[in-house]
């Protein structure tokens, strides 16, 4: 009798553990993580060799001081950012201006940060 009670409790505990997190986490992740999923998908589309104008469709330049590496903000969420290195079309100029045809050399993994305002 005691062994049967322990078996029922263990079985009930296993059923509870396997069912509870799936329902709770599954619902929360699909509703609250959509923006993050979209950002990861969009960022995954940006590759070295693409142009600044391709990046500008999904991101805008963050405020603050920048150099050859620029910080970009995801348009759907101002807290999701990436850093991008460019090969400037106007390489002869000491301070080249942004050009839609600048070539992306490298893009960082996305990270979270409060927006900068100039």
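At an R0 of 22 angstrom, the distance between the Cβ atoms of residue 99 and residue 75 translates into a FRET efficiency of 0.60. Site pair residue 50 and residue 90 shows an inter-label distance of 2.4 nm when each label is modelled 7 Å from Cα along Cα→Cβ. With only Cα atoms counted, the stretch 34-118 has Rg and Dmax values of 12.6, 43 Å.
Relative to a virtual label point 7 Å from the Cα of residue 34 in the Cα→beta-carbon direction, which members of the stretch 69-103 show backbone nitrogen distances below 18 Å? Hits in the stretch 69-103 for residue 34 at 18 Å: 75-80.
Taken together, the values in this text are just the output of simple stated rules run on the coordinates, not laboratory data. What you see is a predicted model, and the numbers here were worked out from it, not measured in a lab. Positions of Cβ are generated from backbone atoms using ideal geometry, with glycine treated the same way; all protein chains shown enter the neighbour counts.
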